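What follows is one structure encoded as structure tokens, with my remarks underneath.
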Amino acid sequence: MRVLIILSSLVSLLAVGCSAAVAPTAIPSDSPPGTRAATATITATEPVEPTATPVRTVTASLTPPTGPTPSPSASPGPSTSREIAEVYLQGPFGSLDGETGRPGESVQPKELRPLDQYAQGANLSIGLRHVQLDFVGWTVSVSPLREPTGDGAVVLSEGPGPEDRTDYIDLVGPDAGEWLLRLEARIFDSAEASYHWRLVVPVRDSPPNGELEVPAPDLLVEAGRRSVSAEMGGGCYVYTCIDVGGLTPAHRLSRIRAERGAIVMRPSDGSPLVGWRVTGWPVDGGLQESRSFGRGKAPEGTLEERVSLPRGDWYVKVDVEFDLQRGDLSYFLRVTVD
């Protein structure tokens with residue numbers, strides 16, 4: 001009889017199945033709306049194995065936040081990393097990040113890359129590489145380098161914060177001469193820092209409307225002692241974009257003979273390039289027969305590139321990417337390799 005009772009009890013337990021119960025916890029009447037209970041008791045039945053205990057109870061404590069929940073629209077607090085933000089200066093020369101230092105720290109101007117501002121009083125701008133950052137306070141000044149006038153630094157722009165937060169600062173560049181441009185900046189979510197650039201301004205007046213047309217350099221192509229200037233195609237350079245309606249016939253292009261199959265390419269103004277690509281197709285053929293003769297990324301400060309072409313008479317296209325983010329242009333010429 002005792003055996004039958006034990007078996008009957010076991011069958012009853014198996015028939016119960018899976019059940020769960022949550023013990024409610026009272027919430028104080030003065031709690032803010034949406035406050036959850038601090039403790040919940042969960043009872044769950046696990047699958048019954050022949051040798052397992054049928055029921056197990058698990059208790060979990062849920063601790064509510066100690067402070068108010070931040071609003072989704074609230075501005076984030078200051079960064080804990082306090083890293084120095086990347087700041088660039090943009091003008092007729094292109095775009096270049098500033099040499100950074102601690103607030104008030106000076107630099108050696110000779111160590112800075114000289115930037116050709118192209119004209120007196122040219123429009124400049126200072127911006128942040130990270131789009132989510134803002135200037136909340138700044139002072140931009142220039143100091144003469146070659147012929148000090150005794151007047152010291154000249155302030156070009158000042159901005160208070162935080163009511164004047166902005167992600168860029170517009171400037172009017174200085175007169176002719178060589179200048180050290182300094183930015184002392186307080187940047188939201190970034191450490192305070194100073195930034196420096198070296199400007200070289202020629203004796204050239206800006207147009208009355210302020211719109212500079214900075215000419216793009218020619219591309220000089222050399223083979224041995226021969227040199228030609230390639231025809232400029234489409235693309236953008238600083239403030240100007242060029243669009244060509246069609247290809248110039250091969251017999252009207254500048255032509256150069258490369259007896260050893262190698263040509264050297266370099267911008268006429270001596271400016272560096274950071275990328276290039278050379279393609280071509282037979283003069284007596286068409287674009288559908290185009291092929292690549294080489295491409296690459298040039299190290300910083302590269303003034304020329306060398307590329308080899310196979311034997312033939314080629315309609316050649318050269319794509320050049322200029323440094324300082326000034327743009328990219330295409331050039332065309334005819335190269336005959338005997």
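The values are calculated or read from the model by the stated rules, or taken from the named source; none is laboratory data. Not measured: the values here are computed from a predicted model. Don't worry about glycine lacking a Cβ; one is built from the backbone with ideal geometry, like all the others, and counts go over all protein chains shown.
Applying the selection to the range 184-193, what residues are under 10 Å from VAL87 (Cβ atoms) and touching a Leu at 6+ places or on another chain (Cβ under 8 Å)?
Across the range 184-193, the qualifying residues are ILE187, SER190.
Is it the case that some residue within the range 191-214 is more than 30 Å from THR139 (Cβ to Cβ), assigned to a loop (DSSP other than H, G, I, E, B) and either among the β-branched types (Val, Ile, Thr) or not assigned by TED's automatic domain parsing to the domain that holds THR100 (or both)? Write out each step before concluding.
Looking only at the range 191-214, we keep the residues that are more than 30 Å from THR139 (Cβ to Cβ), and these are 213.
Next cut, assigned to a loop (DSSP other than H, G, I, E, B) only: 213.
Cutting the leftovers down to either among the β-branched types (Val, Ile, Thr) or not assigned by TED's automatic domain parsing to the domain that holds THR100 (or both) gives us 213.
Among the residues of the range 191-214, at least one is more than 30 Å from THR139 (Cβ to Cβ), assigned to a loop (DSSP other than H, G, I, E, B) and either among the β-branched types (Val, Ile, Thr) or not assigned by TED's automatic domain parsing to the domain that holds THR100 (or both), which makes the answer yes.
From THR279, THR302, which residue is polar (S, T, N, Q) and assigned to a strand (DSSP E or B)?
Values: THR302 fails: assigned to a strand (DSSP E or B).
Step by step, each of THR279, THR302 is checked, and only THR279 is polar (S, T, N, Q) and assigned to a strand (DSSP E or B).
So which of ARG277, ARG291 is in the same structural domain as HIS251 (by TED's automatic domain parsing), under 15 Å from PHE332 (Cα atoms) and surrounded by 17 or more Cβ atoms within 10 Å (Cβ to Cβ)?
ARG277
Might you check whether a residue that is among the hydrophobic types (A, V, I, L, M, F, W, C) and surrounded by fewer than 19 Cβ atoms within 10 Å (Cβ to Cβ) occurs anywhere in the range 308-316?
The answer is no; no qualifying residue exists.
Quick check: is even one residue across the range 224-239 more than 30 Å from GLY91 (Cβ to Cβ) and β-branched (Val, Ile, Thr)?
Looking for residues that are more than 30 Å from GLY91 (Cβ to Cβ) and β-branched (Val, Ile, Thr), one finds at least one in the range 224-239, hence yes.
For the range 219-264, which residues satisfy the criterion of being on the phi > 0 side of the Ramachandran plot, assigned to a loop (DSSP other than H, G, I, E, B) and modelled with pLDDT of 90 or more?
VAL238
Taking the conditions exactly as written (buried (at least 17 other Cβ atoms within 10 Å of the Cβ), assigned to a strand (DSSP E or B) and not polar (S, T, N, Q)), does LEU133 satisfy them or not? So that I can check it myself, show each step before the final result.
Working: buried (at least 17 other Cβ atoms within 10 Å of the Cβ): yes; assigned to a strand (DSSP E or B): no; not polar (S, T, N, Q): yes.
Here the answer is no, as LEU133 does not meet what is asked.
Out of all the residues in the range 101-120, which are among the hydroxyl-bearing types (Ser, Thr, Tyr) and either within 13 Å of TRP197 (Cβ to Cβ) or buried (at least 17 other Cβ atoms within 10 Å of the Cβ) (or both)? Give the steps one after another, and end with the answer.
Pass one, the range 101-120, residues among the hydroxyl-bearing types (Ser, Thr, Tyr): 106, 118.
Across the range 101-120, the qualifying residue is only TYR118.
All but one of (1) free of Cβ contacts under 8 Å to residues at least 40 places away in the same chain; (2) more than 20 Å from GLY94 (Cβ to Cβ); (3) crowded, with 16+ Cβ neighbours inside 10 Å hold for THR302; state the number of the condition that does not hold.
(2)
Considering only residues that are over 30 Å from VAL337 (Cα atoms) and surrounded by 17 or more Cβ atoms within 10 Å (Cβ to Cβ), which ones fall in the range 206-222?
SER206, LEU212, VAL214
Kindly provide the set of residues from the range 121-130 that are crowded, with 19+ Cβ neighbours inside 10 Å and within 19 Å of GLY177 (Cα to Cα), ordered by number.
ALA122, LEU124
Here is a yes/no grid of residues against (1) in a strand (DSSP E or B); (2) polar (S, T, N, Q); (3) more than 24 Å from ASN209 (Cβ to Cβ); (4) out of contact with any Phe, Trp or Tyr (no Cβ under 9 Å at 6 or more places or on another chain):
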site	(1), (2), (3), (4)
LEU115	yes, no, no, no
SER125	yes, yes, no, no
GLY152	no, no, yes, yes
ILE169	yes, no, no, no
GLU178	yes, no, yes, yes
ASP189	no, no, yes, yes
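Under the condition of being charged (D, E, K, R) and at pLDDT 85 or above, which residue from the range 142-181 is nearest to the chain's Cα centre (by Cα)?
Within the range 142-181, the first condition is being charged (D, E, K, R), and the residues that meet it are 146-147, 151, 158, 163-165, 167, 170, 175, 178.
Keeping just the survivors that are at pLDDT 85 or above gives 158, 167, 170, 175, 178.
Working: GLU158: 26, ASP167: 14, ASP170: 20, ASP175: 30, GLU178: 28 Å.
Residue satisfying both the conditions and the ranking: ASP167.
Go through the range 275-304 residue by residue and tally those that are touching a Leu at 6+ places or on another chain (Cβ under 7 Å) and modelled with pLDDT under 95.
2
Rundown of residues vs (1) crowded, with 18+ Cβ neighbours inside 10 Å; (2) among the β-branched types (Val, Ile, Thr); (3) free of Cβ contacts under 8 Å to residues at least 40 places away in the same chain, yes/no style:
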| position | (1), (2), (3) |
| --- | --- |
| GLY137 | no, no, no |
| ILE187 | yes, yes, no |
| VAL201 | yes, yes, no |
| GLY224 | no, no, yes |
| SER227 | no, no, yes |
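Taking the options PRO50, PRO78, PRO72, PRO103, name whichever one is of a type outside the set (A, V, I, L, M), at pLDDT below 95 and either within 18 Å of the chain's Cα centre (by Cα) or in the same structural domain as LEU183 (by TED's automatic domain parsing) (or both).
PRO103
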